[in-house]
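Have a look at the structure below, then the notes.
The values are calculated or read from the model by the stated rules, or taken from the named source; none is laboratory data. What you see is a predicted model, and the numbers here were worked out from it, not measured in a lab. Neighbour counts are summed over all protein chains in view; Cβ atoms, including those assigned to glycine, are modelled from backbone coordinates with ideal geometry. Protein only, heavy atoms only, side chains kept; ligands, DNA and RNA dropped before computing areas. Shrake-Rupley method; radii C 1.70, N 1.55, O 1.52, S 1.80 Å.
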Amino acid sequence: MANFWQKARTSGLILSIVAVLFSCVLIAQQGLQLGQDFTGGYVTEFQIVQDLTTQALEQHLTPYVEGEFKLANLGTLQWQLFQPPQDNLSQPLAWQTELPADLGLQILDSRYVGAQIGAELIEQGGLALFVSLLAVALYLIVRFEWRLALSASLALLHDVLLTVAFFVLIGMEFDLTVLAALLAIIGYSLNDSIIIGDKVRELVRAHPDNPVANTINQALASTLGRTIITSSTTLTTIAAIWWLGGASLHGFASALFVGIVLGTWSSIFVSATLPQWLGLSYDNYQQKLTDKELQQLAEP
Amino acid sequence: MFAKTPSTRSFWQVRLKRICVAAIILVLALCAMPNFYQNKTLLSISPVTNEQALPSNDLVKQVLEQHQFTVAQINSNDTTLVELSRQNYSASAQQLLAQTFGERASVKVIEQATAPFWLQKLGLSPIKLGLDLNGGVLFVLKVDTNKALEKRMENIALEAQAIRVKEQLHGVRIEQNTIQGLQLVATPQGKAGLEQLQNKLLKQYPHLDVQTQQQGNLTRATLSYTEAGQAEFDKQTMLQALTTLRSRIEELGITEAVTQRQGANYIRIELPGVQDPTAAKRIIGATAQLSFHALQDQGGKQVKAEYGTVNLNPLAIFSGADIDSAQAGRDEYGKPLVQLSLSPQGGNKMLHFSRDNVGKPMATLYSEYIADSNDEIQQSSKVISVATIQQVLGQKFSITNLDSWQKAQDLALLLRAGSLDAPLTIVTERTIGPSLGEQNISSGFQALALGLSLTLAFMLFWYRKLGFIACIALFANLICLIGLMSLLPGVVLTLPGIAGLVLTIGMAVDTNVIIFERIKEERKQGSSMTCALVRGYRQAQSSIVDANLTTMITAVVLMSIGYGPIKGFAITLALGIITSMFCGVVVSAQLSQWFYRLNSMTTKGVQHG
């Protein structure tokens, strides 16, 4: 049985490494489809009374909308029109008032973002992602042994990278809420790694004679219940947001859902398995233990 | 005797702890209460001056209903209060009423709390709703501080020139004026004059820095802003922009607006309830400035006027900053004008100037920043009037010859609200319709209800008795979180914020799950229930703190970069972590001790009986 787990973990880790490499290639080749928050441009969400197909509505709109535009369906009778930033648009939003009355146009949300602020956001967002990864890694190094800390940090990187790759693969837009979701994933997916790491530490100290591989198996087995329950309650609530929260939260909910599934996976197959490859052993914890013992002995 | 003392102390400690926990939950529940009473949005119509009569209720109602607004309630006292049946449309109704009755009454959109009096008296209010839940207009403006600095350096050069002429400083030359600095060159004879000039300028502009160089027999002094001086200048420019924008928005009659600094160079303005951004945009983005100049026969600054061009003395007699109040009006021929009243200093300047120049012309220069076709911001100036000074002028006078009534009104408003030295550009603009806000609220809370009930059902099914405790703790968590959000100023609920709330609920059970799994393990190893409870809670604590701290780190990072909706999410997340740690560890520990002590007592009783 232990052997089976050992094998499963090793193959899971290899699978993750392959997936990370694949993601890197995918992101580098296709690039993210950045949302309006980052590229700038005009987005108009609106409602009409006629039930039209995308093509039919596009034909209706073409004479009125200046420059190029992209149309997307948000739900029954609700649409989104995106006008990328273009030069020489005199009145980019004039169509909102010029459209014939029989469409029954009602503007729900109209946004304009300058291209310049978008570029700043990309920089800031990337920086935030980097800073939080770094801060969390630092915390881990202080709190755990470096092998566990390194593995947990790599697991985080793995989660973020694969989630971004998922967005590239599906062709979903990457906007500001998705970035927020990525940061939340960093926080949450670490939970799993920490709980398992804590258990590993506890068991390694308690049973110094056991081979580390067995100890990790034991730690995983005893935390598996918690991992599954927490992940499933969280995923259920995220599914509720996805289903009922409206179109503007779809990207956010999708990112969180994928991120948490990946986080659960990586806490088992990356952050719990990698330390063993890096040579974690009882000796790594012995120093600390004797220190403590000495302290205890020194006390009257 | 000696053995008893610690046990009584711990008994009191336990009791004290229990009381504290209960008190915290009660206080937060009280804070959460006003959320059951959402604020009402009303239109308030009040007379401009005391003598003027208000339009009658029937007239107001008639005007509103002609434009498809349905009136739910209308009350008249000193001021008329109108409640619309669809309150989200209050802002557009305000515009309509202001247009109709603008000359005799001032119309404002106000918020009225509906909570019971004793709750209001405690100073408690419901959570503020963000724009995406309320509908409204958002602007993000970039403040071009570099342009303002350029302008400031230009002014310093003009000032230097004026001082040089006035004090008759020979042998001093003013050279090369850029944003990097102003260069003054002096011959050996002019050295004393140079120092005099320097000192005068330094006194007037305290953040300037001087560097003196000797080039042969010439002395070259460079006046420039140091990095710290520049930072101070930027800070002041931003502050001025913020204050000016705030008072402009106040002038527009929007009381619930949020105007805050975003990052180093941006200002974020949220106008809840407003539906038509054009009027607000015209006022907010305007950089109009007025200044008054003497005319010159030759040289100076050539500026376009109504007929041909005029030569102005580039140094203004006084500028918009000296204006105390401004009111639009009409002259005897019905042409629009703006009546100005100057501050005492401005009045003094005007007095001196007009006394020396009776019979000579004075020009009113109107300048504003306009983005040209290359998106470069340029200052465009125009002389709107050249008038002969008939008499000595004091603090009060008027600017005539304005194109339209609208222009006169806008100009008066801008002058009242204070001027802007830095040009503003709108980098983000968003209009959220009221129906989308309603839709967002209902979908957000549906998601919350579904997420909460599924989680509760699962915990009850899986852990039975312990699950019941988890459910109570979860409810306490939700109440605490809402209470905390209402209590803290500056917390705004947005749609991503509601998503954060839902997520917190999903994650909050984690704390309980970690503890309950520990307890199960302890039970398997043969401990008694009471013992397992104590050990379970104690051992799980370090893991719980670790796990939540890391999430907290990312929430804080998110809070520092995000604005608007994202900030809403980050705040809910951070507060959610605090409340779920409190409820998951402290509250549920109290609950389970209480629950199982009662239980064990009754079973003991049964066994004994």
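Remarks
- Taking the Cα atoms of chain A, the ratio Rg/Rh between the radius of gyration and the Kirkwood radius comes to 1.13.
- Overall form of the range B:440-510 per C-alpha gyration tensor (a/c, 1.5; a/b vs b/c): oblate
- Distance-filtered residues of the range B:147-174 - backbone nitrogen under 18 Å, label point 7 angstrom along B:Ala264 Cα→Cβ: B:147-150
- Distant-in-sequence amide H partners of A:Leu108 (H built 1.01 Å from N, under 5 Å): A:Glu45, A:Phe46, A:Gln47
- Residues of the range B:95-115 falling in the label zone of B:Lys61, defined by backbone nitrogen less than 19 Å from a point 7 Å along Cα to beta-carbon, are B:97, B:101.
- Length gained when the stretch B:Ala279-B:Leu122 is fully extended (0.36 nm per residue, less Cα-Cα span): 52.7 nm
- Segment B:Glu250-B:Leu218, extension gain: residue separation times 0.36 nm, minus the distance between their alpha carbons: 6.1 nm
- Here the 3J(HN,Hα) profile of the range B:534-549, calculated from phi with Karplus coefficients 6.51, -1.76 and 1.60 at θ = phi - 60°, is 4, 5, x, 5, 5, 6, 6, 4, 5, 4, 5, 4, 4, 5, 6, 4 Hz, Gly and Pro shown as x.
- For a straight C-alpha distance cut-off of 23 angstrom, the lysines reachable from B:Lys360 (same-chain residues fewer than eight places away being disregarded) are B:Lys166, B:Lys301, B:Lys304, B:Lys349, B:Lys382, B:Lys396.
- Distance distribution P(r), the range B:390-505, all Cα-Cα pairs, bin width 10 angstrom from 0: 10, 22, 20, 14, 12, 10, 8, 4, 1, 0 percent.
- The residues of the protein assembly as shown expose, per residue, 48 Å² of accessible area to a 1.4 Å probe.
- Short-range pairs are left out: with C-alpha atoms under 8 Å and at least six residues apart, the relative contact order of the range A:41-113 is 52 percent.
- For the range B:312-458: rounded, prolate or oblate by the Cα gyration tensor [a/c cutoff 1.5]: prolate
- Volume of the Cα convex hull of the range A:41-113, divided per residue and given in Å³: 80 Å³
- Whether the range B:238-328 is rounded, prolate or oblate, judged on the alpha carbon gyration tensor where a/c under 1.5 counts as rounded: prolate
- Distance in nm between pseudo-label sites at B:His352 and B:Lys396 (7 Å out along the Cβ direction from Cα): 2.5 nm
- Estimated buried accessible area (total), pair B and A, 1.4 Å, Å² to nearest 100: 4900 Å²
- For B:Glu167 and B:Lys235, the FRET efficiency from 1/(1 + (r/R0)^6), where r spans their Cβ atoms and R0 equals 41 Å, is about 0.80.
- Among beta bridges from DSSP that stay inside the protein assembly as shown, the antiparallel ones total about 95%.
- Relative contact order of chain B: 15 percent, from C-alpha pairs under 8 Å at least 6 residues apart in sequence.
- Taking a straight line from the alpha carbon of B:Lys335, these lysines sit under 16 Å away, with near neighbours fewer than eight places off in the same chain left out: B:Lys407.
- Chain A, relative contact order in percent, only Cα pairs under 8 angstrom and at least six apart counted: 25 percent
- Each residue of the range B:471-487 is assigned a 3J(HN,Hα), and the resulting list reads 5, 4, 4, 5, 4, 4, 4, 4, 5, 4, 5, 5, x, 5, 5, 6, 6 Hz, derived from the Karplus form 6.51 cos²θ - 1.76 cosθ + 1.60 (θ = phi - 60°), x at Gly and Pro.
- The alpha carbons of chain B give a radius of gyration and a Dmax of 33.7, 117 Å, in that order.
- Each peptide among A:55-66, B:473-484, A:189-200 gets the average number of other Cβ atoms lying within 10 Å of its residues, and from highest to lowest they stand as A:189-200, B:473-484, A:55-66.
- Karplus-based coupling profile of the range B:439-444, in residue order and whole Hz: 4, 4, 4, 5, 5, x, with θ = phi - 60° in 6.51 cos²θ - 1.76 cosθ + 1.60 and x standing for Gly or Pro.
- Shielding by partners for peptide B:510-522, expressed as the average number of C-beta atoms from other protein chains within 10 Å of each residue's C-beta, is 4.
- Two-site FRET efficiency, B:Trp12 against B:Thr530, from Cβ-Cβ distance with R₀ of 25 Å, rounded to 0.05: 0.80
- Semi-axis lengths (Å, descending) of the ellipsoid that matches the C-alpha gyration tensor of the protein assembly as shown: 62, 36, 29
- Placing +1 on each Lys and Arg Cβ and -1 on each Asp and Glu Cβ, with no other charges, gives the range A:41-113 a dipole about its Cα centre of roughly 120 debye.
- Two-decimal log10 I(q)/I(0) for the range A:79-212, as the Debye equation yields it once each C-alpha is a single scatterer, q = 0.20 Å⁻¹: -1.19
- Relative protection proxy for A:31-41, A:261-271, from highest mean packing down: A:261-271, A:31-41 (other beta-carbon atoms within 10 angstrom).
- Using Cβ point charges alone (K and R +1, D and E -1), the dipole size of the protein assembly as shown about the Cα centre works out to roughly 3380 debye.
- Cα centroid separation, the range A:1-65 to the range B:295-357 (Å): 60 Å
- For the peptides B:252-262, B:129-139, the ranking by mean Cβ contacts within 10 Å, running from highest to lowest, is B:129-139, B:252-262.
- The modelled label-to-label distance between B:Tyr333 and B:Gln406, using points 7 Å beyond Cα along the C-beta direction, is 2.3 nm.
- Take each residue of peptide B:140-148, count the partner chain Cβ atoms within 10 Å of its Cβ, and average: the result is 1.
- Carbon + sulfur, % of accessible area of the range A:41-113 - ligands and nucleic acids excluded, 1.4 Å: 47 percent
- Calculated mean residue ellipticity, 222 nm, the protein assembly as shown: -19000 deg cm²/dmol, from DSSP H runs (n ≥ 4) at -39500 (n - 2.57) each, averaged per residue and rounded to 500.
- Taking every residue in A:113-122 and counting other chain Cβ atoms within 10 Å of its Cβ, the average works out to 4.
- Note on A:Arg201: accessible area is roughly 30 Å² with a 1.4 Å probe, heavy atoms of protein only.
- Cross-link partners of B:Lys147 among lysines (Cα-Cα below 16 Å; sequence separation of 8 or more within a chain): B:Lys235
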